[in-house]
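So the structure is just underneath, and the comments pick up after that.
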Amino acid sequence: MKHRIALGCLLVALVLPNPARPQSYVAAAADIPVLRYEIWVELDDADKMLLGREEIVWTNTAHEPVPDMVFHLYWNAFKNEDSAFLREARAETLFGDEPPGDGDWGWVDVTDIRLADGTDLKPGLRFITPDGPENPGDQTVMRVLLPAPLAPGESVRLRLDFRSKIPRTMARSGYYKNSYFIAQWFPKPGVYEEGRGWNAHAYHHNSEFFADFADFAVHITVPRTFVVGSSGKQTEVAIDESTRKTTYTFRQSMVHDFAWTADPRCLKIERDFIADKEVTEAEYAETAALLGLPIDEVRLPNIKMILLIAPEHKRQIERHFRALRAAIKYYGLWYGPYPYETVTMVDPPFRTRSGGMEYPTLFTAGTGVLTSRDVLSPEGVIVHEFGHGYWYGLVANNEFEAAWLDEGFTTYSTGQVLAKAYGPGVLPLDLHGIPIAPVLRLPKYFDFETDRVDAIKAVACDPVTAWSWEFFNGESYSANVYQRAATLLRTLEGLLGEPAWARVMRTYHMRFRYKHPTKAAFVGVVNEVAGKDMTWFFDELLESTMTFDYGVAQVASVKLPRLRRGVFDAGGSRQEITSKQVEEAERREAKAPPQSGPAPEYLTTVVLRRFGEARVRGDARVEVLVRFKDGTTETATWDGQARWTRLEFTKTVEVESAQVDPRGVWLIDANLANNSRGVDALRRNVVKLLTQLLFTVQNLLQFVSSWS
Amino acid sequence: MGILQVLGNGLATTVRKSRLLVLLWVINFVFAAAVVSPLAIIVQHELGRSYAGSNVRLLDLSWRGEALLKYGNSLTAIGGGLLAAALLFLGLYVFLNGGIIGRLLDREGRPTVAAFFADCGRYFGRFARLSLLSLVFLILTYEALLRLVSALISPLIENARVEWTSIILSNLHLLIALLLLSIVHMVFDYARIAVVADEEKKVLRSLSHALKFLKKRFFRSWAIYLLIVAGFLAGTVVFYAVHGLLAGPTVPFVLLGFIWMQLYVVFRIWTKTVFFAAQAEFYRAHPY
């Protein structure tokens, strides 16, 4: 049996077409994929069905025999209300997906599964619930027993026939009328982990995906009028006049998923990212110096950019490409060159609700017919989803178990690229599709500012590192793995400084391309590049639910009297200084300040408090800047371990203010307002704010009165 | 009488009775200040001595996020307090409407405070009943008419092939809802005017007067109403255009900004009196 499988693999290697491989300088760093797919799929537009055949070759790279294979059948999440996905969605109060309507359900049936020699494996096929018994009706994970365990280093070739009902869009997969976005659609093996077995979780409501890198060849047959966009590079087109159908073939190596879209209305436009036009020599030199790399290592390749866009969004074509160019440029310069030949950007077909999602070499953006220049949409979503291609796509962590390693990194990176390419933007706000943000003159924000708002409250229920479906709810999941993780990364950037941080991110990205790193891998890179142990940062702020909040509780100066009351021993005699003597001395001084001699002194007291549970550790300290009324400053540090500390300064001038974290490193601090405290009350902007608050209430009351 | 003449006369009346505006503005200001004061104490406590207060803005996400984190558990209480204040103000305006219409319809009389509050007391019972009745009409409008409109438009929106269809239809839906609302408003404005102008004791009869009046000249009445709405919207645009120029943080800008905002509040109150004055002019010029 083993020999037959090995022979089968050899044949497959000869017969399966060689997918487009990533460009050579990256391929050298890549592992050989453990999987090869060839998939034939036909879209039945009338019945909303997919009919598919999949041939895979899976190689056991572990040092132990593997008796079975486990597959994801993601679309069974939309089969009925017993699926883990829909059961969990039902429990959500804010971000729950509605279950499909009657007739809108989706599912996937494996109708046949065989070895290359024809051995029927279907009798050994079972649905399993790897995440516990809570969802016994879930059918999103399937296990199939092999006739004999697969020895280390051996490969198995399987052929699966499947038949899928396309859902009316759920979780970004499905259709609206005759527009389709097809994702998570084919039976996909889990990831085999040595000593742990198959890592294949059920499709959960708050989770994305995890799969092995593979070489793909996918043949998609659709009615002739359809425009198709897909992961990978289109290599062939075959038109069948008799059936009025077209088959498109797409190939791609070293990706772990494959998605496609088909829509008769959309426009398909191609542009080239020409590195020499987009990046100057000075930018290359600056990046190389920052990263400590030879300049040739930071040079970027040319890339084919493909856009599928709805006709009504035609005037936004250049806006889409400009954002994509910025993303390719900065991700490429900072983290490493984009390794594939193409990237496909899909403006999702109307009402397919498939916008804002990433797949290898393809992502969905999302826009409206009415947009505002000040609102960075679709730019934000383009930069974000393309960015996923760098983290989820290339540094392919397990999104079930450590979503923050993708979402947090991508959110952080998005903010960096947008800030560099566009500056701050206005938050999107519309009324029935009409943008109203410009009318309301909403303020502009950088992403890190808006991220922080969610980040500081996200800590209430869960640590950032919780498994995706074990978060308190969708809001906690989202705020933790996106915004809190991004805010923590920016905080870490502030702690390490720009050069060290740039090298951390580059090293982590390039070292773990085409791998499946965990938190430990990133912490290891941080410690290695920073040259110090920063593990405490992750323990304190990612693994715990502790709030980080240092602040100034009090600041005041008191004049030190020249004479102090009491009984003093001097020259063998004892003398009492009375209150009257002190008052007289002060009166004299007030009337005629001494022209010479020491100026009066003030004792300035600054009380710092640790309001949160989280603490700075390692070599980090709480910095304090004290400003005095003559413009001078004093700086001090506090180890921040106790609940409070008192700092005292004796100077000939009164204090003006005290501020912790004056460099603004600790973005994760839950209360920046208490970071500083002045002795003077009422700042002008607060007065202005109060007048605006009053005005708002006056208007609300006047509005209410119109109902009288 | 043409509608422009009606509007002109209405405007002239409100100018003559400008003391009303001052009185209503003072009431609005004092009430709003009382509502705002607890929030102002919180803002002052959090930001008054912090550098964060140096560049804080009304729609500043940072301090709002922090305040939400700190006072999130009190949101229900704060929201409840604001709702109670709003309901109280609504009740107060049911009371004040009597004084507003009473003084506007008294062509020769001066809008003294005593006369104003005497009218408030005189008509309060009838106006309160009219307000409850208008609530019934509003519910009926939304439950019956608007549901009917929704039943016609929603399937078109749900089955839209392109985004434009959806946007146009959903905004059309909103526009229809607002126009229906304006009609209900207008009917009850005339009913209130009928109570005062005809010294009608029965609110149903005053409503009947209003309906008979509107039946004969609905479109002209509606045009007057919509013209005033348009004037209000134009004034609002001007307000925000100028307000944007007063964004500086210096003392003169803060002061000018405050004065400009209060002028807008006066403008809002004036618009309300113009509604009543113009409609009263029209009602009196064309007895039902």
Pairwise centroid distance, computed over Cα atoms, of segment B:130-195 with segment A:163-241, Å: 44
Spin-label pair A:Phe568/A:Thr93, simplified geometry with 7 Å Cα→Cβ offset, distance in nm: 6.6
For chain B the mean separation of alpha carbon contacts under 8 Å (6+ apart) over residue count, i.e. relative contact order in percent, is 29
Output row, site A:Arg441, 7 Å Cα→C-beta label point, backbone N cut-off 16 Å, window segment B:193-236, residues B:235-236
When chain B is modelled as a GNM with alpha-carbon springs shorter than 10 Å, which of B:Gly125, B:Gly53, B:Gly257 fluctuates the most? B:Gly53
List the relative contact order of segment A:504-604 as a percent without decimals, with contacts defined as Cα pairs under 8 Å and 6+ residues apart. 22
Cα-based reach from A:Lys245 at 22 Å (exclusive), listing lysines while leaving out same-chain residues under 8 positions away: A:Lys48, A:Lys165, A:Lys177, A:Lys233, A:Lys268
Where does chain A land at 222 nm, in deg cm²/dmol rounded to the nearest 500, when only DSSP H runs of n ≥ 4 count, each adding -39500 (n - 2.57), divided by all residues? -8500 deg cm²/dmol
Computed, not fitted: 222 nm per-residue ellipticity of chain B from DSSP H runs ≥ 4 (each -39500 (n - 2.57)), nearest 500, equal to -29000 deg cm²/dmol
Give the Kirkwood hydrodynamic radius (Å, one decimal) of segment B:3-285, defined as one over the mean of 1/r across all pairs of different Cα atoms. 21.8
Note down the relative contact order for segment A:414-572 as a percent, whole number, built from C-alpha pairs under 8 angstrom at least six residues apart. 20
With point charges of +1 on the Cβ of Lys and Arg and -1 on the Cβ of Asp and Glu, referenced to the Cα centre of segment B:3-285, which listed residue (B:Leu68, B:Ile183, B:Gly244) lies farthest in the positive direction of the dipole? B:Ile183
Cα-based convex hull, segment A:509-629, per residue volume (Å³, whole number): 235
Pull up the cross-link candidates among the lysines for B:Lys202, meaning alpha carbon to alpha carbon under 24 Å and not fewer than 8 places away within one chain. B:Lys212, B:Lys215, B:Lys216
Looks like the protein assembly as shown, by Cα gyration tensor root eigenvalues a ≥ b ≥ c and the a/c under 1.5 rounded cutoff (else prolate when a/b is bigger than b/c, oblate otherwise), is oblate
With only Lys, Arg, Asp and Glu charged, each at its Cβ (+1 for the first two, -1 for the last two), find how big the charge dipole of chain B is about the Cα centre; round to the nearest 20 debye. 840
Cut-off 13 Å between beta-carbons: net charge of the residues surrounding A:Thr535, Lys and Arg +1, Asp and Glu -1: -3
Of A:Lys277/A:Lys329; B:Lys17/B:Lys201; A:Lys329/A:Lys420; A:Lys444/A:Lys629; A:Lys559/A:Lys629, which ones are farther than 22 Å apart at the Cα? B:Lys17/B:Lys201; A:Lys444/A:Lys629
Under the rule of at least 5 residues apart or a separate chain, name every residue whose amide H is placed under 5 Å from the amide H of A:Trp198. A:Glu193
Need the list of lysines near A:Lys532 for cross-linking: C-alpha distance under 18 angstrom, and skip anything on the same chain fewer than eight residues off. A:Lys519
Just going by the charge dipole of the protein assembly as shown, with Lys and Arg at +1 and Asp and Glu at -1 on Cβ, which of A:Ile274, A:Ala520, A:Leu51 is farthest out on the positive end? A:Ile274
Only Lys, Arg, Asp and Glu count, each charged at its Cβ (+1, +1, -1, -1), so figure out the dipole size of the protein assembly as shown about its Cα centre, rounded to 20 debye. 4800
Under a 1.4 angstrom probe, counting protein chains only, how are A:His516, A:His256 ranked by accessible area, largest first? A:His516, A:His256
Given the alpha-carbon gyration tensor of segment A:558-667, what are the semi-axes of its equivalent ellipsoid in whole angstrom, ordered largest first, with each equal to the square root of 5 times an eigenvalue? 38, 18, 11
So which helices of chain A fit the span-like rule, where a helix is a whole DSSP H run, its Cα atoms reach 20 Å or more along the axis, and its mean Kyte-Doolittle is at least 0.0? A:684-705
Around A:Ala259, with a cut-off of 14 angstrom between Cβ atoms, what is the net charge of the other residues, counting Lys and Arg +1 and Asp and Glu -1? -3
Along the charge dipole of the protein assembly as shown, pointing to its positive end and built from +1/-1 on Cβ of Lys, Arg, Asp and Glu, which listed residue (A:Gly132, A:Thr605, B:Phe95) has its Cα farthest out? B:Phe95
Net charge over other residues, Cβ less than 12 angstrom from the Cβ of B:Cys120 (K, R count +1; D, E count -1): +2
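The values are calculated or read from the model by the stated rules, or taken from the named source; none is laboratory data. Keep in mind that this is a model prediction, so the values were computed, not measured. FYI the Cβ positions are ideal-geometry reconstructions off the backbone, even for glycines, and counts take in every protein chain you see. To get the accessible areas, we keep the full protein, side chains included, count just its heavy atoms, and leave off ligands, DNA and RNA. Shrake-Rupley method; radii C 1.70, N 1.55, O 1.52, S 1.80 Å.
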